[in-house]
Amino acid sequence: MRRKPRIPPSPLPQRDGVDPVRVRLPQAGGWATVREHLVERLAAGTGVIDTMLADGLIVRADGRPVDPATAYEPGMFVWFHRELPDEERVPFAVDVVYRDAHVVVADKPHFLATTPRGSHVAETVLARLRRELDIPALGAAHRLDRLTAGLVLFTVRPEERGAYQSLFRDRLVAKEYEAVAPYDAGLALPRTVRSRIVKERGVMAAQEVAGEPNAVSRVELRDHRDRLGRYRLMPSTGQTHQLRVHMNALGVPILGDPLYPVVTGPVPAGDFRRPLQLLARKLEFTDPVTGRAHRFVSGRELQAWSAHDDWAR
């Protein structure tokens, strides 16, 4: 069995809580220089790579700058800082509900991405917490959708991250969500929804397709009033948009959902009205490092239930 290559530590520090980009040069390829490969791979725009090389912004493992003539070496690592996009600040705080030497549990607001991705980089829970808590090595053990609020588990020590990630992979975390959606007196609840969900790259909405179920959700009605229902959702799997897809399939799509049942146009930057009414309410697990039993509860409330008229404006 071929061993994975040892990844050397980054020679560049974080910037605004964001790690530098690491690129490993493939073992096979016809590139004569590192420059040729980066121009082809990164598609960064005409002249961008050349400017970065000229300014010494792309470096080797030992911190020395890569120059335009640096020969291509299979397996070589290089690092650089991405140009951060202009991001609209999400004007809501990230609440830390628990912190010890191993984990941080955050209660994230709607509209804030969990980790850097796409156009959301510095304005993410991970980058904010790295800056605010001064924990550069902080990592995410799992993720919530940007539009979903609630509890997210982060790890303090990189060497322990895999142990906490395995809790989610092996379904050893009891997760409970809360949602506000239309009330349907004819919908028999509680029930367990099972289906096969597929999310294609580049397609915004996930789809239910025929085949062996890979997504399982328990759906219960907690309360209802004024044609609204307050639901308790307990997923035992973690497919992309799983709860949103299952609620839509039941005919009660979650309020504020821009993808289900219909994909709507993009919301203008800075428009934080009508957040998706989905909240990761509880996390419960046994700590794989300390053996301690943890149970965390979000302190957030879903506005469409507590103050529907304000939410609907």
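The values are calculated or read from the model by the stated rules, or taken from the named source; none is laboratory data. Just so you know, these numbers come straight off a predicted model, no measurement behind them. Using ideal geometry, Cβ is built from the backbone for each residue, glycine included, and neighbour counts are taken over all protein chains shown. Surface accessibility is based on the protein's heavy atoms, side chains included, excluding ligands, DNA and RNA. Shrake-Rupley method; radii C 1.70, N 1.55, O 1.52, S 1.80 Å.
Some values worked out for this structure:
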quantity: Qualifying positions in the range 138-156 - over 14 Å from residue 105 (Cα atoms) and open to solvent by 10 Å² or more (accessible area, probe 1.4 Å); calculated: 145, 146, 147
quantity: Test result for residue 172, at pLDDT 95 or above and touching a Phe, Trp or Tyr at 6+ places or on another chain (Cβ under 8 Å); calculated: yes
quantity: Spans of strands (runs of 3 or more DSSP E) in the range 108-203 with at least 2 residues of a type outside the set (S, T, N, Q) and free of Cβ contacts under 8 Å to residues at least 40 places away in the same chain; calculated: 191-198
quantity: Conditions (1) more than 30 Å from residue 285 (Cα to Cα); (2) open to solvent by 20 Å² or more (accessible area, probe 1.4 Å): number failed by residue 99; calculated: (1)
quantity: Subset tally (residues that are exposed (fewer than 14 other Cβ atoms within 10 Å of the Cβ) and closer than 18 Å to residue 216 by Cβ) for the range 157-190; calculated: 7
quantity: Positions within the range 17-43 being assigned to a strand (DSSP E or B) and more than 29 Å from residue 113 (Cβ to Cβ), in sequence order; calculated: 33
quantity: Selection count, the range 72-96, where residues are farther than 30 Å from residue 34 by Cα, assigned to a loop (DSSP other than H, G, I, E, B) and open to solvent by 30 Å² or more (accessible area, probe 1.4 Å); calculated: 6
quantity: Flag for residue 260 being over 30 Å from residue 163 (Cβ atoms), of a type in the set (Phe, Trp, Tyr), open to solvent by less than 30 Å² (accessible area, probe 1.4 Å) and not in a loop (DSSP other than H, G, I, E, B); calculated: no
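Matching residues to (1) out of contact with any helix residue (DSSP H, G or I) (no Cβ under 9 Å at 6 or more places or on another chain); (2) closer than 30 Å to residue 186 by Cα; (3) in a loop (DSSP other than H, G, I, E, B); (4) among the aromatic types (Phe, Trp, Tyr):
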{"position": "219", "(1), (2), (3), (4)": "no, yes, no, no"}
{"position": "223", "(1), (2), (3), (4)": "no, yes, no, no"}
{"position": "230", "(1), (2), (3), (4)": "no, yes, no, no"}
{"position": "268", "(1), (2), (3), (4)": "yes, no, yes, no"}
{"position": "275", "(1), (2), (3), (4)": "no, yes, yes, no"}
{"position": "284", "(1), (2), (3), (4)": "yes, no, no, no"}
{"position": "305", "(1), (2), (3), (4)": "no, yes, no, yes"}
{"position": "310", "(1), (2), (3), (4)": "no, yes, no, no"}
